[in-house]
Amino acid sequence: MTFTRASPVALVLACTCATAFAGQTPSPPPFTRPSVTAVRIDTAEAPVIDADLSDPAWEKAAVIDRFRQRSPNPSEPATERTVVRILYDENNLYVAFYNYDSAPDQIVVRNMQRDGQVYTSDSAMIYLDPGRTRRNAYNFEIGASGGRTDQLELNNTEELREWNTIFDARARIVADGWVAEFAIPFKSLSYEATETTWGFEVARRIFHKNERVHWAGFNPALDFTDVSQTGDLVGIENVGQGIGLDVQIHGAPRLRRDWQLGGGGDGVSLTAGGNAFYKVTPALTNTLTINPDFSDAPLDIRQVNTTRFSLFTPETRDFFLQDVAAFEFGGRSYGRNSQDRVSNNGRPFFSRNIGLVQGRQVSLPVGNKLSGQVAGFDVGAFSVLTDRTPGGEEGQVLSVARATRPILAESKFGLVVTHGDPTGLTRNTVAGADFQYRNSNLFGNKVLQADLLYMKSFSSAAGNDDSSAVSLNFPNEPWSGDFLFKQIGAAFTPALGFVNRAAMRQYAGTVAHLTRYRRSSLNTLEFGTNFEFVTDLNNLLESRANDVLVRVRSRIGDQVTVRVVNTYENVPAPFFLPRTVPVLAGTYEWTNLNVGVRTFNGRLFTLQADVTCCRFYDGDAVASRVNLIVRPAVHFEINVGHEANAIDLPTGRVDIHLATTDAVVNFTPDLQVALQAQYDNISEHFALSARYRWEYRPGNELFIGLGQSALITNRGFIGQVTQATVRLGHTLRF
């Protein structure tokens, strides 16, 4: 392998490691899995979900009242009392929280939005893992304001907040704290009917103390997405899912006006469609979709590319996010950062390739999906028929199949196959296997994770080639670290996946040391280093990035991070930055300073900002990113963002500006108006989205969407396309 000379950052790293040893962090106590036995009631006794715990049934409930801090002082008893009660009947699981607070006037009530940032307020959480996978879980959360969310925790590494199901929850502030009440229908969950013990966790945020408390999993070294240390909920039996059929139907009239075609693109259309969810077994769901509707999807995250590799844009469409855990592959090899172009390079399946071809939407007349558990396997199978492509090719049948089998105590082995090319131009198939290992008892109470994968693509255009990866992760305190090796062949071509850099070998890793301080204004002090090397298949170094960092976090939650980053690039051929500023072929090395600030998001104003200075290739550059979030009242939230990149190279200069604004008006937790606006000075493209949503009953909603695209140039505002949609959706449960 060929490397450049040693980075000067190594000297800083040596000092960093020496300083790290100066602090001592107590290890968490050995993990003991708690359990609680649920109490069954008759359906006639079911409590009313109104955040009033006077219903007689709650007197019979199982009670949890021992909580420990996960932060800021791990394993210490919670500073405020929390009492959780648990009941169930044939139809629902009921959970009630009485969140006592010695300073009720300081309860943080910031966000009422359905599926909004409830985590910025006092909130209560439930985690359900019906299969006791200790990897995946349903997460339900409600804030003291009444705003509620549902999300999936995937493979202990990733949280899918876009997932939605039907459940009911209410919250109310009382004289000595606040109360929350949940009803979670068994029809909203997938589980084996014979499994009477579920993975279970309850937790609470006490925001004015920046305190998070848990019943079971209070190890601070684990990611908040990690559900390996949940407790057990015992005795869930003889519950019903009816015949296991949910039917969602929607009708959506649409108005479209193309201002640049002078009326040629105008029209009014009516689209009807829906989804049918049938539980083949209580743990296996078949989903049929007809004309899925994407009008409620938020705007894609706008990005301006300053690299020579394409960027990764995450999925935002609800239809493809449902049951996504069934198709997860490769573990942490792709789970470090959902928007990171490097981590996501080489994915075998990426749903954004379905329904979008060459950046243009392609309708999907029909699709079918099977997901869940059967005969000890976790399975996911998906097939969809697309309409004619923008290039005139006939509609395509695109398919994905995934199966995993738990092995050993905490690990799993799996297979994946994809087939089809959304463009219709080639015949393409990918087959792969992965092994995801986990040991939560290393050296007594340490965690070790490892992932191994291999894939091969078969393409009528590019031929056959393979890709492989191995990763190790040690997520503990005070020392943590991970390592990743990934190799992607020159002709590895997953048409339903994502590749932006082939013919490469990637080596990436992290080592960090974290010291915790108790009963101090300083909460944590972290030192660390990250490294990444990318070579071609002959081991010639193409890219390198090394950094050392210091991160300080205060007791209340303010955080400052300082990084020194050394970068090396071997550019084999010229490429162009925006405004056609060329970066010439050659080797480049530069060092930058990055400073990032994040303020506690329980305040009226929250600031997230970072600045990188002052080199880029063989020139100068200053890059900044600023987000200011304002929550003036429980009903309002405004997020204003600006990214700037001033680049001055010997070959030219370019100034890049990207502005975004998001605003939400919450009339009630079930009725909101959301606004998004984006503009960048490179494409000069402006996009506006306004969405009105009223969930008048769980699973039933009225949606009104308005979209406007335009160019804003020195000639003024030039309208492009105006679209309006009204959709009425209704869910029938049988």
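Points worth noting:
- Selection count, segment 380-400, where residues are buried (at least 18 other Cβ atoms within 10 Å of the Cβ) and under 30 Å from Gln449 (Cα atoms): 3
- Of the set (1) touching a residue at least 12 places away in the same chain (Cβ under 8 Å); (2) surrounded by fewer than 19 Cβ atoms within 10 Å (Cβ to Cβ); (3) in a strand (DSSP E or B), all apply to Asn441 but (1).
- Qualifying residue in segment 311-326 (condition: more than 30 Å from Ile166 (Cβ to Cβ), of a type in the set (A, V, I, L, M), surrounded by fewer than 18 Cβ atoms within 10 Å (Cβ to Cβ) and at pLDDT below 80): yes
- Any strands (runs of 3 or more DSSP E) falling wholly within segment 188-259 and containing at least 1 residues that are at pLDDT 85 or above, buried (at least 19 other Cβ atoms within 10 Å of the Cβ) and of a type outside the set (D, E, K, R): 197-206, 211-214, 231-234
- Selection of first residues in segment 713-733 that are exposed (fewer than 14 other Cβ atoms within 10 Å of the Cβ) and of second residues that are part of a loop (DSSP other than H, G, I, E, B), restricted to Cβ pairs under 6 Å at least 6 apart or on distinct chains, gives the following pairs, ordered by first then second residue: Thr713/Glu684.
- Test result for Ser399, modelled with pLDDT of 70 or more and touching an Asp or Glu at 6+ places or on another chain (Cβ under 9 Å): no
- Evaluating Gly557 against the criteria (1) at pLDDT 95 or above; (2) in contact with a Pro (Cβ under 9 Å, 6 or more places away or on another chain) leaves one unmet condition, (1).
- Enumeration of residues in segment 92-112 that are surrounded by fewer than 18 Cβ atoms within 10 Å (Cβ to Cβ) and not hydroxyl-bearing (Ser, Thr, Tyr): Ala103, Pro104, Asp105, Gln106
- Only strands (runs of 3 or more DSSP E) whose full extent lies in segment 111-155 are considered here, and the ones with at least 2 residues that are of a type in the set (A, V, I, L, M, F, W, C) and in contact with a Phe, Trp or Tyr (Cβ under 8 Å, 6 or more places away or on another chain) are 123-129, 137-143.
- Filtering segment 649-675 to residues that are polar (S, T, N, Q), in contact (Cβ under 8 Å) with a residue 40 or more places away in the chain and part of a strand (DSSP E or B) leaves Thr660, Asn666, Thr668, Gln672.
- Within segment 103-120, tally of residues that are farther than 21 Å from Asp223 by Cβ and in contact (Cβ under 8 Å) with a residue 60 or more places away in the chain: 12
- Verdict on Ile682 being at negative phi and in a loop (DSSP other than H, G, I, E, B): yes
- So Gly274, is it farther than 17 Å from Gly367 by Cα, under 31 Å from the mean Cα position of the chain (by Cα), surrounded by 14 or more Cβ atoms within 10 Å (Cβ to Cβ) and at pLDDT 80 or above: no
- Scope segment 519-538; condition within 20 Å of Val560 (Cβ to Cβ) and not in a strand (DSSP E or B); matching residues: Ser520, Ser521
- Evaluation of Ile638 against (1) at pLDDT below 95; (2) surrounded by 17 or more Cβ atoms within 10 Å (Cβ to Cβ); (3) among the β-branched types (Val, Ile, Thr) (one fails), failing number: (2)
- Each residue in segment 351-398 was checked for being hydroxyl-bearing (Ser, Thr, Tyr) and in contact with a Gly (Cβ under 6 Å, 6 or more places away or on another chain), and 3 pass.
- One residue from Gly528, Gly509 being outside the structural domain of Pro29 (by TED's automatic domain parsing) and touching a helix residue (DSSP H, G or I) at 6+ places or on another chain (Cβ under 9 Å): Gly528
- Meets criteria (closer than 22 Å to Ala381 by Cβ, outside the structural domain of Thr386 (by TED's automatic domain parsing) and assigned to a strand (DSSP E or B)) for Phe458: yes
- Residue in segment 539-546 that is more than 30 Å from Thr418 (Cβ to Cβ) and crowded, with 19+ Cβ neighbours inside 10 Å present: yes
- Subset tally (residues that are surrounded by fewer than 18 Cβ atoms within 10 Å (Cβ to Cβ) and without any contact (Cβ under 8 Å) to a residue 60 or more places away in the chain) for segment 488-501: 2
- A search for C-beta distances below 8 Å between a residue of segment 70-84 that is over 25 Å from Leu522 (Cα atoms) and any residue that is among the aromatic types (Phe, Trp, Tyr) and in a loop (DSSP other than H, G, I, E, B), counting only pairs 6+ apart in sequence or on different chains, returns Thr82/Phe67; Val84/Trp215.
- In the set (1) closer than 24 Å to Tyr191 by Cβ; (2) crowded, with 22+ Cβ neighbours inside 10 Å; (3) at pLDDT 75 or above, the condition left unmet by Leu415 is number (2).
- Meets criteria (farther than 30 Å from Thr194 by Cα, without any contact (Cβ under 8 Å) to a residue 40 or more places away in the chain and surrounded by fewer than 16 Cβ atoms within 10 Å (Cβ to Cβ)) for Arg405: no
Residues are listed down the side, and each one gets a yes or a no for (1) among the charged types (D, E, K, R); (2) over 19 Å from Arg332 (Cα atoms); (3) out of contact with any Leu (no Cβ under 9 Å at 6 or more places or on another chain):
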residue: Gln373; (1), (2), (3): no, yes, no
residue: Ala381; (1), (2), (3): no, yes, no
residue: Thr386; (1), (2), (3): no, yes, no
residue: Val397; (1), (2), (3): no, yes, no
residue: Val417; (1), (2), (3): no, yes, yes
residue: Pro422; (1), (2), (3): no, yes, no
residue: Arg438; (1), (2), (3): yes, no, no
residue: Asp451; (1), (2), (3): yes, no, no
residue: Lys456; (1), (2), (3): yes, yes, yes
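- Residue, surrounded by the fewest Cβ atoms within 10 Å (Cβ to Cβ), within segment 25-80, restricted to residues that are of a type in the set (Val, Ile, Thr) and closer than 25 Å to Arg134 by Cα: Thr32
The values are calculated or read from the model by the stated rules, or taken from the named source; none is laboratory data. Since the model is a prediction, treat every value here as computed from it, not as a measurement. Cβ coordinates were reconstructed from backbone atoms using ideal geometry, including for glycine residues, and neighbour counts include every protein chain displayed.
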